[in-house]
Structure formats: structure tokens, C-alpha cells
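Only one structure is covered here, and it is reproduced in the block below.
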Amino acid sequence: MKPIKVGLLGIGTVGAGTFAVLKRNQEEIIRRAGRGIEIAVVADLDTARAKEITGGDIEVVSDAHLVVNRPDIDVVIELIGGYGIARELVMQAIANSKHVVTANKALLAKHGTEIFKAAEEQGVIVAFEAAVAGGIPIIKALREGLTANRIQWVAGIINGTTNFILSEMRDKGLDFATVLKEAQRLGYAEADPTFDIEGIDAAHKASIMSAIAFGTPVQFDKAYVEGITNLQAIDIRYAEQLGYRIKLLGITRRTAQGIELRVHPTLIPKNRLIANVEGAMNAVLVQGDAVGATLYYGKGAGAEPTASAVIADLVDIARLADADPVYRVPSLAYQTQSLADTPILPMSEIITSYYLRLRVSDQPGVLADITRILADASISIDAMLQKEPDEGETQTDIILLTHQTQEKNINAAIAAIEALNTVDGKVTRLRLEQLG
Ligand code: HSE
């Protein structure tokens, strides 16, 4: 069979990794794909650097439109990122009947529905393993390996930057701002880290996983997104004393009322495997009704780990490019006509457990008042930690862990607790998942 011809858009870190791994592992890849995979043209604004990386044997252009419009190209790899020009190029490639491989989670989270629809109409594949958790084959697992299951929930550490920051905060007892600066100095965090630290990148990935886990359109616009910028080092310490680690989790859960789709700092028991995922590593835990819990761990970013996912998609396309589309795995894992419009629940309706930190006067009856408010709201306390007041202080911290309740119940209870004269300032509220 003749080699499949690929046009690469963007030869930055991941593009260079893709080029290197394809070249190095060419023989193994051909043995698997049954045909060669040939990068025929590379588009990058920095043509000099692109020529340097490709060694001068491959055509390099600066205008990516030339690639998506070239009749001899079968597959376009989009590694530009963002939703601007990348969207235009992907849609043009599809319109020109080219298969697409993309690592662009932002694009799919925002415009996935439009892109997958266009691809289906045109009979081409849009493959996106590299868009979620880098080198971890979680898309393959959800779309193919777990298709026997009714998936109940997915919870993942799917942003390496924030996991690195949280690991450092816990290890060194430092505050968020200090660790962020250090992470930027070491190159773990971008100069503009907003997408990572505000949870947006994780929400892009969680939205994609949610769609393929439950068979719905991609609904990033309905996701609840809370990053780690307000997380205090003291809460990491108290959580540790109570047997928990705090991780930025992307969570999606199917309930009788709808789907939970949320990203926020989360306490998880420190004896869970996923609680021990440290540094920039990623991990995704999937709960299926037949298989139980399965855990996927690995590098969520970087040149060759992400290239590993990009090339796996290329191999799939090389095998299936000429097959009748009916034999392909549907983009969102479920047949398009079987996609459901299950609602994403508002945050007030989600059910989880909570960590509360309160600053209180150290006097009789304070704890009784607080526990009465929780009892009246049918919120059961799971654990409690009370600090002795520091020398000369008349106030102290109380930390409460609750059993599961609806978010609107805890919010109402917190408002009542904050109204007590003996409670100083705001209650710090974090969510807690047992992941059992
Ligand atoms: N910025 C992402 C992270 C990697 O920190 O995990 C790319 O998705």
C-alpha cells in the first residue's frame, strides 16, 4: 500500500517530537500501520527553524493554507493551538476531505460539535488522542477499551502545571504565588499561566472526556471551572493532617438528574493511588459498572509523550483511511444519532463532601452552634480538627469534613455559620471526593 501523506501544521515542541519519533520508530510504525506514514510538508511561520528540525529534506512553507489545500495530502496534523486560525484550517482541511489529527483541546472543547459534524458529513476522521492527558491513551480507553461499560464517573489530574504547583506547595509548605514564580522560572508554567492555573485547560479536557464517556455533545460552556489561585497553603496542611491531599481534579459524573462536569481543587484520601500522582504527571481514574475502577497514569505534556498520542492517531488513520466510515469508531464514541442531550447540572445541584475551615472565638458553645446549623441542614460531620489557640490569641481554627450533601445545602449552612457572632470572616470551603 502506498504511504499515507501527512501535512504538519506547526513544528513547535510537539511537532518536532512527532517528526523525531516518526523517523526513529519508522519500522515499528510501518509494521503496525501496514503502510508508511510520510510527512510531506510542514507549515510554520518560523521556516528557518522548521528546516533545521526537518533536516532540509522536507518541503517547508510559512502559509498553512497551502498545506490544507494541497490535493496530495491525506492527513493534516494541527499543532497550532487556540481557536482562531486553527479552527479555520481544520474546517478547511475537512472541507477538502482530509483526515485531521489535533492536539488542540481548546478548539475541540469550544467547537467540537461543529468540527465532528463537518467531519462526519465529509466522511473523514478527526482524531484527538493528544488533546487529553498528552501521552496517556485515555481517549482510546474511553472510546474503545471500555465500551462494554456504563461509565459512572471520570476524575483526572489532567493539568501538569497545577499538579506541579500543588506538589511543591505541599512538599515545601510554600504559598501559591511563590511556587508559581518558581514554576515559571523552571519552565513548568507558561509566562501567561492563566489557562492552567484558572482550571480552563483542565476543563477543556474534562469536557471532552465527559462527552465520550456519556455520549453527549462537548459542553465546555456548561462546565464549572475553579482554579488553584485562591488555594491557601494552610488548607493543604490541614488536609494532610486529616489524611487527604488536595489535587486539581477534572470530574464528570453521571447521575439520575444529569451530568456533573466540574474542575476545582479537591481533597482526596492520601492512600488512593491518584493522590500520589506528583509533579507534572497526569492520571485519570475511570469508574465503569462492569470493570470497576481503572487508572491511567503518565506524562500529560512534552514533546515525545504528546507525539506518542499524535502518531497513534496517525496509525489509526493509516489503517482506516480507506475503510467505509461506518466501520470507524465514532468521534464521540457513540453513534451520532444516539448522542443524548443529558443536561449538565448546575453546581448548586451537585452532590459531594466538603472541607470547611472556620476562624472562631475560643469560647463555650461555639462548636455547638456550628454543629446545630449543620444538623438542621441534615449535613453529617465526618471528621473534625480543632487547633489550640496560638499563644495570646483568643481565636482558633476549626476544620470540619462533612459527608455528602448537595452544594446548595452546604452553601446555605455556610451562610448561617458566617452570620454567627463567634465566627470571624468567611468560611473556606473545599470539595472532597472519596473516589472509592
Ligand atoms: N498546559 C498543560 C499542562 C499541558 O500543564 O498540563 C498541555 O495540555
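Quick notes on this structure:
- Going from the fewest other Cβ atoms within 10 Å to the most, the residues M347, M1 appear in the order M1, M347.
- Cα-centre dipole for the range 138-298 with unit charges at Cβ (Lys and Arg positive, Asp and Glu negative), debye to 20: 520 debye
- Across the range 395-422, the residues whose backbone nitrogen lies under 11 Å from the label position 7 Å along the beta-carbon direction of D362 are 395-397.
- Sorted peptide list for 73-80, 371-378, 92-99, criterion being average Cβ within 10 angstrom, highest first: 73-80, 92-99, 371-378
- Those trypsin sites (Lys or Arg not before Pro) in the range 147-229 that DSSP places in a loop and that have at most 16 other beta carbons within 10 Å: R150
- Fraction of beta bridges assigned by DSSP in the chain that are antiparallel (%, nearest 5): 70 percent
- P(r) of the chain over all Cα-Cα pairs, binned every 10 Å from zero, in whole percent: 4, 20, 28, 23, 13, 7, 4, 1, 0
- Net charge of Cβ neighbours under 12 Å - reference A202; Lys, Arg +1; Asp, Glu -1: 0
- By average C-beta atoms within 10 angstrom, highest first, the peptides 363-369, 262-268, 224-230: 262-268, 224-230, 363-369
- Placed amide H near V101: partners under 5 Å, 5+ positions off or other chain: V76, I77, E78, A127
- Relative contact order (percent, whole number), the chain, Cα cutoff 8 Å, 6+ residue spacing: 16 percent
- Of D390, D171, D424, the residue with the greatest mean-square motion in the GNM of the chain, using alpha carbon springs below 10 Å, is D390.
- Amide proton proximity set for V225, modelled H, under 5 Å, gap of 5+: V263
- Cβ crowding within 10 Å, taken as a proxy for footprinting-reagent exposure, orders M169, M384, M209, M281 from fewest neighbours to most as M384, M281, M169, M209.
- For the chain, calculated [θ]222 nm from helices alone, where every DSSP H run of n ≥ 4 adds -39500 (n - 2.57): -11000 deg cm²/dmol
- Counting neighbouring beta carbons within 10 Å and listing from fewest to most, the residues L45, L231 come out as L45, L231.
- For the range 224-260 and the range 2-55, distance of Cα centres in Å: 39 Å
- Nearest-20 debye value, the chain charge dipole, Cβ charges on Lys, Arg, Asp, Glu: 900 debye
- Here the translational diffusion coefficient of the range 350-432 follows from Stokes-Einstein with Rh set to the Kirkwood radius across Cα pairs; for 25 °C and 0.890 mPa s it amounts to 192 µm²/s.
Every number in this text was worked out from the coordinates using simple rules, so none of it is lab data. All values derive from a computational prediction rather than experimental measurement. Counting neighbours? That spans all protein chains shown, and the Cβs are built from the backbone with ideal geometry, glycine included.
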